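What follows is a set of notes on a single structure, which appears directly below.
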Amino acid sequence: HDAKKAHDAAASGEVVKRGEAIGKSSPAVKFADVFKEPQKFAGKPVVIEGVVERVCKAEGCWMQIAPEAGAAETVRVTFDHKFSVPKDADKMKFRAEGEFSVKVLSKEQVEHLVKEDGAKIKTNPDGTANEVSFLATGVELWK
């Protein structure tokens, strides 16, 4: 029932909320600034806004987000399996609160994400990738 409710809400222009309410205490940051110096933002709670590029088609357990539709750089958002988002949330606008982190994905992890989940990942020459990811505590989605 939840999936249908979320779909109906999205269709009617309502805001779909998942996880904790987005607080007023975390600063809003610009995506462009994060891409320039991801380490500077790592591990600090922030609020970001943008557009959903794609969503995990299995369970809605991650989404790939961008500052605007079709942007070259995207960030993968996970929710620590505390909640999931509607699988048809691609192209929706979003606001999320959480923390950025930067880690190196192995060649095997990159291949799995690309093959299994259809992620698009910019790789290093050796097949690894520096992944800037975002662990969200709360998400709001709207059309």
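Structure values in brief
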| read-out | value |
| --- | --- |
| Anisotropy class of region 31-84 from Cα gyration tensor, a/c 1.5 cut | oblate |
| Helix-derived mean residue ellipticity, 222 nm - over the chain, DSSP H n ≥ 4, -39500 (n - 2.57), to 500 | -5500 deg cm²/dmol |
| Whole-number percent relative contact order across region 81-143, with pairs defined as alpha carbons under 8 Å at least 6 apart | 49 percent |
| Under 5 Å, built H, 5+ apart or other chain: amide partners of residue 92 | 52 |
| Among 67, 81, 48 the positive-end extreme of the charge dipole of region 44-96 (Cβ point charges) | 81 |
| Sequence-distant residues sharing a close amide H with residue 119 (under 5 Å, placed H) | 114 |
| Carbon plus sulfur fraction of accessible area for the chain, probe 1.4 Å, in percent | 52 percent |
| Debye, to nearest 20: dipole size of the chain, +1 on Lys, Arg Cβ, -1 on Asp, Glu Cβ | 200 debye |
| Net length gained if the chain between residue 101 and residue 71 were fully extended (0.36 nm per residue, minus Cα distance) | 8.8 nm |
| Per-residue ³J(HN,Hα) for region 36-45, Karplus 6.51 cos²θ - 1.76 cosθ + 1.60, θ = phi - 60°, Hz, x for Gly and Pro | 5, 9, x, 4, 4, 9, 4, x, 10, x |
| Linear extension gain, residue 33 paired with residue 49, 0.36 nm per residue minus alpha-carbon span | 4.5 nm |
| Cα-derived Rg over Rh, computed across the chain with Rh taken as Kirkwood radius | 0.96 |
| Accessible area in square angstrom per residue, region 1-142, 1.4 angstrom probe | 58 Å² |
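The values are calculated or read from the model by the stated rules, or taken from the named source; none is laboratory data. The shown structure was predicted, so the numbers you read here are calculated from the model rather than taken from an experiment. Don't worry about glycine lacking a Cβ; one is built from the backbone with ideal geometry, like all the others, and counts go over all protein chains shown. Accessible surface areas use protein heavy atoms only, side chains included; no ligands, DNA or RNA. Shrake-Rupley method; radii C 1.70, N 1.55, O 1.52, S 1.80 Å.
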